[in-house]
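Asks: Below is one structure. I have some questions about it.
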Amino acid sequence: MQYCSTRGGVRGLDFQDVLFSGYASDGGMFMPESVPVLSPDTLWGWRGLTYTQLVVEVASLFIPTQLIPREDLQVLVREALSGFSVPEVVRTARLKNGLSVLELFHGETLAFKDLAMTCTVRFLDYFLRKQNRRATVLVGTSGDTGGSAIHSAKGLSGLEVVVVYPRGRITPVQEKHMITCLEDNVHVFAADGSSDDIDQPLRRLFADSQLVRSHNLMSLNSVNWSRVMIQLAHFIYAYLELSGMEQADKDLPELEVVVPTGGAGNIAAGYIVKQMGLPLKLVAMVNSNDIVHRTVTTGDFSMADNVTQTLAPAIDIQDPYNMERVFWLLLGRDGAAVKNMMEEFQQSHRHSLPENHRELLSQVLSTGTVSDDGILETMRRCWEENQYVLCPHTAVAVWHHYHCPHSAKINRSVMLCSPIQPHTKDISDFTARCEAAGFQRSSSLKEDTREDNRKT
């Protein structure tokens, strides 16, 4: 398994090379030169595996045993996922009216990114210890990634972790996950502007090959291929759990997966899984920062003048950088075409997709956009119907379920990012908005509802 840049200027690298990289030297993102196809027999053989076992199977498709022997890979993944709050690591909640929610929030920082981050850091530490090396991790975050990177890498002697977050644009909980870590290898900075503003100087740093070499500079954003690779397992696990596949089926059943989308790393992973042979119907839901929605529906791949602050701040992003991976697959791995497209976008912050490209994209990805009012409406309805509390990010995806009925022949899964957190700077403001939207305080709920919720 070898890796190349989406812009065609770098190829022939192995997993260790791309693990210790950020952006490629030509500005692109690393992808496997070929994507393995999973047969129905393979998928059937994976049914019944735990999430941890499935991650091992998926990772082994992309990491040769010469680099990490199978036995070592099993130990690394098992240790990485051992600190989650539930033994199964990932849970599926089956709610009313055909809604299933994949709970990805049981890690230390309560964000779905803990799943891929903990594994990726274990891979890094494995190679650094073997080679007696050090590396510097540089992370720009819109809220969740920074805390997850810090708690996964804190105290590791071979890693220096530098995190930059947008001042005043993340929640107090997210900020405390970062600034309260006192390990000597963790360095946290607040910067003015949005997370998109932070990404631009980070790209320039990674393009400086001398700087990258002298500091062994690397990224733990979903720029890093290992993060996306582990996220493939989310979609395969959801498919095995929820698609209703049977061994006697001649054709694999389709599963619709709805994902709240910001930087598009998770949706890029879903598209890769689709290329691996799983019949997924992918839906990317965004908040008021709707660049992905505009790209799919009108071909308008351009940033708005400003990033809008919403109740779902981790996806307050106008530069969905992982769409570059989607475009590369969509255009048949044409690095030159992707290079021209992305360089135009980076220079002018806008690009208009040709209609034939937009049609191709709309065939593999559906989208929608949700306002703050829609987020609160969805959270209220899910509680009233299920006594199940959604976080604002997951509500962006569940809104699609409530407003876009699906065929009874197709099962549907929603990726759940994190448990409920007040995603505003002032908790009293958040509470007031919830009450205005119709939430009841727990003291006013009926006793039988509390008992049902306790049993659940």
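Asks: Would you mind checking which residues have amide H under 5 Å from Tyr388's amide H? H placed 1.01 Å from N; only 5 or more apart, or other chain.
Replies: Distant-sequence amide H within range of Tyr388: Trp383.
Asks: When the Cα centres of the stretch 1-52 and the stretch 150-197 are compared, how far apart do they sit, in Å?
Replies: What the calculation gives is 28 Å, centre to centre.
Asks: When DSSP beta bridges are limited to those with both residues in the stretch 40-183, what percentage is antiparallel, rounded to the nearest 5? Spell out each step's value before the answer.
Replies: On the way: 4 of 10 bridges.
So the antiparallel bridges in the stretch 40-183 amount to around 40 percent.
Asks: Within the accessible area of the stretch 88-144, what % is carbon and sulfur when the probe is 1.4 Å and the other protein chains stay in place? Don't jump to the answer; show the numbers that get you there.
Replies: Values: 890 of 2030 Å².
Percent of accessible area from carbon and sulfur atoms in the stretch 88-144: 44.
Asks: Could I have the simple spin-label model distance between His215 and Glu71, label points 7 Å from Cα toward Cβ, reported in nm to one decimal?
Replies: 3.9
Asks: Take peptides 130-140, 216-226 and line them up by average Cβ neighbours within 10 Å, highest first, as a rough protection proxy. Walk me through the numbers before you get to the answer.
Replies: Numbers: 130-140: 17.5, 216-226: 23.6.
By packing density, highest mean first, the sequence is 216-226, 130-140.
Asks: A further question on this structure: Between their Cα atoms, which of Lys113/Lys176; Lys250/Lys281; Lys130/Lys176; Lys96/Lys250; Lys96/Lys281 are more than 23 Å away from each other?
Replies: Violating the 23 Å limit, Cα to Cα: Lys130/Lys176; Lys96/Lys250.
Asks: Find the Cα radius of gyration of the stretch 208-289, compare it with 2.2 N^0.38 Å by division, and give the number to two decimals.
Replies: So the stretch 208-289 has a normalised radius of gyration of 1.42.
Asks: Using a simple spin-label model with points 7 Å from Cα along the Cα→Cβ vector, what separation in nm is obtained for Val37 and Ala191?
Replies: Going by the 7 Å Cα→Cβ label model, 4.2 nm.
Asks: Test of the criteria: in the stretch 143-249, which GluC sites (Glu not before Pro) are in a DSSP loop and have at most 16 other Cβ atoms within 10 angstrom of their Cβ?
Replies: Values: sites: Glu160, Glu175, Glu183, Glu241, Glu246; in loops: Glu183, Glu246.
Hits after loop and neighbour filter: Glu183, Glu246.
Asks: Let me ask something else about it. Please compute the alpha carbon radius of gyration of the chain, then divide it by the globular-protein estimate 2.2 N^0.38 Å. Two decimals is fine.
Replies: So the chain has a normalised radius of gyration of 0.93.
Asks: A further question follows. Averaged per residue, what accessible surface does the chain expose to a 1.4 Å probe, in Å²?
Replies: Ligands and nucleic acids excluded, the figure is 40 Å² per residue.
Asks: Roughly how large, in nm² to one decimal, is the mean projection of the convex hull of the alpha-carbon atoms in the stretch 303-383?
Replies: On the way: hull surface 27.1 nm².
Taking a quarter of the hull surface, the average projection is 6.8 nm².
Asks: Given a Förster distance of 30 Å, report the FRET efficiency between Lys154 and Arg47 from their Cβ-Cβ distance, rounded to the nearest 0.05.
Replies: 0.25
Asks: While we're looking at this one, here's another question. Leaving ligands, DNA and RNA out of it, report the carbon-plus-sulfur percent of the accessible area of the stretch 163-303 at a 1.4 Å probe.
Replies: Carbon and sulfur: 48 percent of the exposed surface of the stretch 163-303.
Asks: Contour minus end-to-end for Lys250 and Ala304, with contour as 0.36 nm per residue of separation and end-to-end as the Cα-Cα distance? The partial results should precede the final answer.
Replies: Numbers: separation 54, 0.36 × 54 = 19.44 nm, distance 4.61 nm.
The span from Lys250 to Ala304 would gain 14.8 nm if fully extended.
Asks: Find the Rg to Rh ratio for the stretch 152-278, where Rh is the Kirkwood radius over alpha-carbon pairs and Rg uses the same atoms.
Replies: Radius of gyration relative to Kirkwood radius: 1.08.
Asks: Just the number, please: percent antiparallel of the DSSP beta bridges in the chain, rounded to the nearest 5.
Replies: In the chain, approximately 25 percent of DSSP beta bridges are antiparallel ones.
Asks: Any idea how far the Cα center of the stretch 211-239 sits from the one of the stretch 303-357, in Å?
Replies: 19
Asks: So what is the calculated 222 nm ellipticity per residue for the chain, using -39500 (n - 2.57) for each DSSP H run with n of 4 or more, over all residues, to the nearest 500 deg cm²/dmol?
Replies: Using -39500 (n - 2.57) per qualifying helix, the result is -13500 deg cm²/dmol.
Asks: Ignoring ligands, DNA and RNA, how do Met29, Met303 rank by accessible area with a 1.4 Å probe, largest first?
Replies: The ordering from most to least exposed comes out as Met303, Met29.
The values are calculated or read from the model by the stated rules, or taken from the named source; none is laboratory data. Please read all numbers here as calculations on a predicted model, not as lab measurements. Using ideal geometry, Cβ is built from the backbone for each residue, glycine included, and neighbour counts are taken over all protein chains shown. All accessible areas refer to the heavy atoms of the entire protein, side chains included, with ligands and DNA or RNA removed. Shrake-Rupley method; radii C 1.70, N 1.55, O 1.52, S 1.80 Å.
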